[in-house]
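Colleague: Quick one: structure below, then a few questions.
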Amino acid sequence: MNDFEICYMLDFRKLPKNNIKCRRIYFGHETCEKRLPAFDEVQELLEISEKYRLELTFVTPFLTERCFEKVLLFMEQIHTAIHRTMEIVTSDWGLIHWMSVNKIGTPVAGRFITGQQLDFRLADAENKLSETMINHLSSCTLLKNKTLDMLHSLGVNRFELSNVFQTMTLSADHNISCSLHVPYVPLTIFRTCPENLDFNSIKKACNCNHNRQKWLHKPSDNAIFCFDNALYYFHSDFEPNLKLNRQIDRIIFHDLMYQA
């Protein structure tokens, strides 16, 4: 594990006070724009990162026009405060383009746009499919040569991936860096959160507080988890993906059991 950059995805409202053993903290929210922080809410996080010499990565979901402006202001304030370039993981194409034009932040392609096949039933189907179909289901649609050329021109050289059940096979020819998120794999994002809040509404606050619900998908006996406004399945065995894909050089742990 020493060859990999170990990171934690932390709630900036519930930060550990000591014993932080990682190189980088991910913060923000990857599915709900209403849970993104304002600059005055991350002062403690900035102090912790300075104290323990931790790098920071800000995470955003797809953004409405209203929240897009909020995120731009936040990024400019962070850029001024820390006096160094911070990574911005986003699944919003408009934000990637803005960063490329304005040279603020290092853009990273979020795992909701890398194009992985996320159905948890695919692992059970691998023995029934052709080699061509298995290769397709194990690849990422975004990681194609022409697409990569376009993304590299925008300054995107890192891609976030989920630890899907079917083993990934990234092309050995691609000169990219990849991050692997463990152990929750996203299935879908809701337009409304569990509190029935429409994300396009003008309501400022999000009422959900990391609501967690668990269901069992009876045909497959797989557990499905609802966190805030998204569904995930659990897959903690990431060693096969690390062994087969040299481009993965970073692991981000989401579950509380992995946090410092």
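Colleague: In whole Å, how far is the Cα centre of region 42-62 from that of region 24-40?
Modeller: First find each Cα centre; the distance between them is then 10 Å.
Colleague: Further question on the same structure: Connecting C-alpha atoms closer than 10 Å in a GNM of the chain, tell me which of 51, 218, 70 has the biggest fluctuation.
Modeller: 218
Colleague: To continue, here is another question. Which entries in the list 14/51; 14/34; 70/103; 34/214 go over 20 Å, if you measure between the two C-alpha atoms of each?
Modeller: Beyond 20 Å: 34/214.
Colleague: Enumerate the amide H contacts of residue 162 below 5 Å, restricted to partners 5 or more residues apart or on another chain; note that Pro and chain-start residues carry no placed amide H.
Modeller: Answer set, sorted by chain and number: 181.
Colleague: While we're looking at this one, here's another question. What does the charge count near residue 178 come to, summing +1 for each Lys or Arg and -1 for each Asp or Glu among other residues with Cβ under 12 Å from its Cβ?
Modeller: Value of the local net charge: +1.
Colleague: For each of 179, 139, count neighbouring Cβ atoms within 10 Å of the residue's Cβ, then give the residues from fewest to most.
Modeller: 139, 179
Colleague: Report, in deg cm²/dmol and to the nearest 500, the calculated mean residue ellipticity at 222 nm for the chain, where each DSSP H run with n ≥ 4 adds -39500 (n - 2.57) and the sum is divided by the residue count.
Modeller: Value at 222 nm, helices only, nearest 500: -7000 deg cm²/dmol.
Values in this text are rule-based calculations from the coordinates and carry no lab data. Please read these numbers as outputs of a predicted model, since none were measured by experiment. Reconstructed Cβ throughout: ideal geometry from the backbone, glycine too, with neighbour counts over all protein chains shown.
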